[in-house]
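Worksheet: one structure, shown below.
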Amino acid sequence: MTSSLLATTGTVMAEPEPISLDWSKTALLIIDMQRDFMEPGGFGETLGNDVSQLARAVQPIANLLTAARNAGMLVIHTREGHKPDLSDAPPAKVERGAPSLRIGDPGPMGRILIRGEPGHDIIPELYPVAGEVVIDKPGKGAFYATELGDVLKQHAIANLLVCGVTTEVCVNTTVREANDRGYRCVVISDGCASYFPEFHEMGLRMIKAQGGIFGWVADSTAVLAAMSLETLNA
Ligand code: C5J
């Protein structure tokens, strides 16, 4: 696959219906593939979750990331987390529930969900390379209190290929925010995961229901096939 892809339009066999994408107006948006969610000892596990449930999303995302990099597509990574002084962490978030460690507490990968700590960083398999955008977000949605909207406007992006974790929390919140801002979101079914497989399924169904009320859903191979086909035809 080469950068000539960006001069073409492709059709992804998505649900609820195929979607035609101008690749030059399409970005890959990878949500919160951070050690704090993916690895033992991080934020996700402190909440009582089985983090091994999320591992299945890594390889499909890696495959898309390679294709996007080869094509010269805009790649955006997000990270959920807070400033060391917690000034951007609402007490309602920090005090909620009964986790084994709270946001800001010291843990095996540094302070839980704090910017700059090892646990806050993106997993090595999907680590950003030079030129890729990294958006630090304090909330679940990637538009809230971030520069994401400005970045997308600067690059004239209209379509987002969205993957990451977790399906029903940060992926869904971001897709809903993006949908309200007029972006076409294609959510990558095997490139998202949840600690709760049933929430993953429902999270995807909620996006594509009612004629695609929040967006489209396709697996990574469908997107890669559309990208490869366009490259062959170019
Ligand atoms: C959560 C996220 N689950 N990235 N964050 O708290 O989905």
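The values are calculated or read from the model by the stated rules, or taken from the named source; none is laboratory data. All values derive from a computational prediction rather than experimental measurement. We place every Cβ from the backbone using ideal geometry, glycine too, and count neighbours over all the protein chains shown. Surface areas here come from the heavy atoms of the whole protein model, side chains and all, with no ligands, DNA or RNA. Shrake-Rupley method; radii C 1.70, N 1.55, O 1.52, S 1.80 Å.
Pair-distance distribution of region 1-155: all C-alpha pairs, bin width 10 Å, starting at 0; shares per bin in whole percent are 10, 34, 33, 17, 6, 0.
Report the gain in length on full extension from Ser4 to Asp150: 0.36 nm times residue separation, minus Cα-Cα distance, nm rounded to one decimal.
Values: separation 146, 0.36 × 146 = 52.56 nm, distance 2.56 nm.
Gain on stretching Ser4 to Asp150: 50.0 nm.
Could you work out the helix-only [θ] at 222 nm for the chain, with each DSSP H run of four or more residues adding -39,500 (n - 2.57) and the total divided by the number of residues, to the nearest 500 deg cm²/dmol? Calculated from helices alone, the mean residue ellipticity at 222 nm is -8500 deg cm²/dmol. Label reach from Ser20 (point 7 Å along Cα→C-beta): in region 180-221, amide nitrogens under 18 Å belong to 184-186, 216. Of all DSSP bridge pairs formed entirely within the chain, close to 25 percent run antiparallel.
Placing +1 at every Lys and Arg Cβ and -1 at every Asp and Glu Cβ, with all other atoms neutral, what dipole size does region 34-99 have around its Cα centre, in debye to the nearest 20?
On the way: 7 positive and 8 negative charges, 56 e Å.
Dipole size: approximately 260 debye.
Distances between placed amide hydrogens fall under 5 Å for Ile112 paired with Gly104, Asp105, Gly107, all partners being 5 or more residues away or on another chain. For region 115-186 versus region 69-95, the spacing of their alpha-carbon centroids is 8 Å.
Taking a ≥ b ≥ c as the square roots of the eigenvalues of the Cα gyration tensor, an a/c ratio below 1.5 marks region 115-234 as rounded. Between Val134 and Ala158, the simple spin-label model (points 7 angstrom out along Cα→Cβ) gives 3.2 nm.
Principal-axis analysis of the Cα atoms of the chain puts helix 220-233 at an angle of about 30° to the longest axis.
Fully extending the segment from Arg181 to Ile213, taken as 0.36 nm per residue of separation minus the present Cα-Cα distance, adds 10.2 nm. Nonpolar atom fraction for region 1-145, defined as the carbon and sulfur part of the 1.4 Å probe accessible area, stands at 53 percent. Principal axis analysis of the Cα atoms in region 1-88 yields extents of 45, 28, 24 Å, listed in decreasing size.
Could you tell me the relative contact order of the chain? Use alpha-carbon pairs under 8 Å, at least six residues apart, and round to a whole percent. All intermediate terms of the calculation are to be shown ahead of the outcome.
Details: 501 pairs, mean separation 65.6, N = 234.
Relative contact order of the chain: 28 percent.
Taking amide H positions as modeled 1.01 Å from N, with prolines and chain starts lacking one, the residues under 5 Å from Thr166 and 5 or more places away or on another chain are Val171.
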